[in-house]
Amino acid sequence: MTDTGIDLVQVTKTYTRAGETVRVLDGLDLRMEGGRYYALMGPSGSGKTTLLNLVGGLDRPDSGKVVVAGEDLAGLSRAALSDWRGGNVGFVFQGFNLIPVLSAFENVALPLALTPLSRKERKERAEYALELVGLSDRMGHRPRQLSGGQEQRCAIARAIVTDPTVILADEPTGDLDRDTADQVLELLQRLNSELSKTILMVTHDPHAAETAQRIVRLDKGQLIGIEETASAGAR
Amino acid sequence: MELLRLAWRGLTRRKLRTVLTVASLAVAFFLMLTLRSLVTTLNAGAEAASASRLIVQSAVSLFVDLPLSYQSKIETVDGVAGVSKWQWFGGYYREESNRFAQFAVDPAITLDIYPEMELEAGAREAFLGNRRGALIGEGLAKSYGFQVGDTVPILPELFPHPDGAGVAWEFEVAGIYRPTKESFDANMLLFHWDYFEETVAAGQNGEAPGTGTYVLEIEPGSDATEVMAGVDALFENGPQRVQATSESEFQRQFVTMFGNVPFFVSTIGGGVFLAILLAVVNTMLMAGREQTRDVGILKALGFSDGDAVKILVGQSLFISVLGAGLGFVLARATEPGLASALGAMFPGYAIRPETMVGAGILALLIAIAAGIAPAWRAARLQTVDALGGDE
């Protein structure tokens, strides 16, 4: 069986901002099992989003190894990394990041343009993904015509439409009210439990983190600890 | 297909700006096509000039008349097959705005010298046999509705009618010529020299006029340079020195008489075009910058750097080709009107195929020039930076 887990080995990442070099991740070693739902917590600047970007292949480490679902990302060229991302990773962002000039359906169907699926198959998949997140009746709406919760659900539909191995969510409930946030969190839980997706969610919200199975805590670019949540026991 | 949709939708993000940019380009291409066509029309006149015709004018200026006695002397030069007087009449038809070229000529020899004027059966005889008869181009006939047999009153500005100031010279349309060459002026009125001379001589001062130019036809096989040298040499010691030139050289000199028209037109047109081009490049840069986040999203979803380039260059291509296309349609739509309005100065005005091809190539170059900077930026953009950037 293919390993769908995530391994970070001695990962270091520095940024230079306004002439000052900041070490965001400092020799980080972390193993996250496949098919699990992880919440990533830590104070601002602890390296959460950087870690997420490295796992998603949006950025590269200065040193160390990032292996996702058995693929060592360091060995991939820029173009190959794009291809890999398209087939293996689904992103959910805090600001939704939907393309404003496309409808909900078109946004969700967009990643499928990179697959060899027929037009009919793409349509069916996008409709299914929207149905899964409860937006069947909003397919023709543009992002600005949707509420915040609907936009985020649309973004989740886009993240799962290619059936990726890993879903990476960066503060997915950060811009939502509590009720809407709960709906989104419930949706992520279902994706993990029903579709066995490996989910890594960055959050500041302890309530949101509790919906995951495990919480990874970072501080100053280093791993503080990994703990099981009550949700893990419940499942 | 999806990239095409993305490119198109990106343009609809700011609909008004897209429309205005396309409109700017349409105006620029309309100007380019029209002004370029004016230049090519002027040049075509010189290029299409007959190699067998020479023009003799005063060495001082085209505005200085030559004595009538010169005609018989020029006819004696070796290689000269025929000579006709051509005198600019300079009048207008009813309104001052109705201007076209009128010339007093030796009718028979002129018809022999100018095979480009095609006449219907009987028109030649009708023209030659009618002292007040005039031959008009089909462009004039079309513009003013003149028909054979009509009387055309021309109000003079240089040669007053002997019956008094403000009295029109009257000509009877004896025939309508059809140019066999596109560049040959279809808006001339030619009339009998004899009628002109007698009428002028009957005026208050009673002086016979001179002629502005002589048009020569040279015999087949004759060396035009030798004939020109022979004509010039005849009058080297006066009373009026002359300058004999080829018809094409005369056309070129005539075109530049009021300044270097092609240079002037090309410079003004080029300046306007460049200004609009810079505006389009600026617009494309702004559009590219606005789509930074979209590019980041696409890259995060797995689209390549090349896909981002295709989208932005595609948008630039669409705007340029649409703008150029509309400019082309506009230029073609106004072509008959301009050809008619400018017929006297730019006979045979037409947008030539090479001008259209040039405009097409220019549209592609603009698309590349305007699209390459935002596309290059999009290709180099790091996904993380693009997603973090504001619109």
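Observations on the model:
- No other residue among B:G360, B:G302, B:G306, B:G323 is part of a helix (DSSP H, G or I), within 14 Å of chain A (Cβ to nearest Cβ) and either over 30 Å from A:P164 (Cβ atoms) or at pLDDT 90 or above (or both) apart from B:G306.
- Check on B:V295, among the β-branched types (V, I, T), within 14 Å of chain A (Cβ to nearest Cβ) and either free of Cβ contacts under 8 Å to residues at least 40 places away in the same chain or out of contact with any His (no Cβ under 9 Å at 6 or more places or on another chain) (or both): yes
- For the stretch B:170-185, the tally of residues that are modelled with pLDDT of 90 or more and either among the aromatic types (F, W, Y) or surrounded by fewer than 18 Cβ atoms within 10 Å (Cβ to Cβ) (or both) stands at 5.
- Of the residues making up the stretch A:180-220, those that are at pLDDT 90 or above and either touching a Gly at 6+ places or on another chain (Cβ under 7 Å) or of a type in the set (G, A, S) (or both) are A:T198, A:A208, A:A209, A:A212, A:R217, A:L218, A:D219.
- Within the stretch A:58-107, if we keep just the residues that are under 16 Å from A:P164 (Cβ atoms) and among the charged types (D, E, K, R), the residue that is nearest to the other protein chains (Cβ to nearest Cβ) turns out to be A:R85.
- Among the residues of the stretch A:44-57, those that are within 13 Å of chain B (Cβ to nearest Cβ) and polar (S, T, N, Q) comprise A:T49, A:T50, A:N53.
- Cβ-Cβ distances below 7 Å connect the following pairs, each with a first residue in the stretch A:190-215 that is over 11 Å from A:L168 (Cα atoms) and part of a strand (DSSP E or B), a second residue that is modelled with pLDDT under 95 and among the polar types (S, T, N, Q), and a separation of six or more residues or different chains: A:R214/A:T229; A:I215/A:T229.
- Any hit, the stretch B:298-316, residues being in contact with a helix residue (DSSP H, G or I) (Cβ under 7 Å, 6 or more places away or on another chain) and of a type in the set (K, R): yes
- Residues satisfying the stated conditions in the stretch A:117-150, i.e. more than 13 Å from every other protein chain (Cβ to nearest Cβ) and either under 17 Å from the mean Cα position of the chain (by Cα) or assigned to a loop (DSSP other than H, G, I, E, B) (or both): A:A129, A:V133, A:G134, A:L135, A:M139, A:G140, A:H141, A:L146, A:S147, A:G149
Yes/no matrix, rows are residues, columns are (1) modelled with pLDDT of 90 or more; (2) surrounded by 18 or more Cβ atoms within 10 Å (Cβ to Cβ); (3) under 17 Å from B:E247 (Cβ atoms):
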{"position": "B:W8", "(1), (2), (3)": "no, no, no"}
{"position": "B:R14", "(1), (2), (3)": "no, no, no"}
{"position": "B:G45", "(1), (2), (3)": "no, yes, yes"}
{"position": "B:V64", "(1), (2), (3)": "no, no, no"}
{"position": "B:G90", "(1), (2), (3)": "no, no, no"}
{"position": "B:Q102", "(1), (2), (3)": "yes, yes, no"}
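- Residues (modelled with pLDDT of 90 or more and either in a strand (DSSP E or B) or surrounded by fewer than 21 Cβ atoms within 10 Å (Cβ to Cβ) (or both)) located in the stretch A:60-70: A:R60, A:D62, A:S63, A:G64, A:K65, A:V66, A:V67, A:V68
The values are calculated or read from the model by the stated rules, or taken from the named source; none is laboratory data. From a predicted model like this one, the values you see are computed outputs, not experimental measurements. Cβ sites come from the backbone with ideal geometry, for glycine too, and all protein chains shown count toward neighbours.
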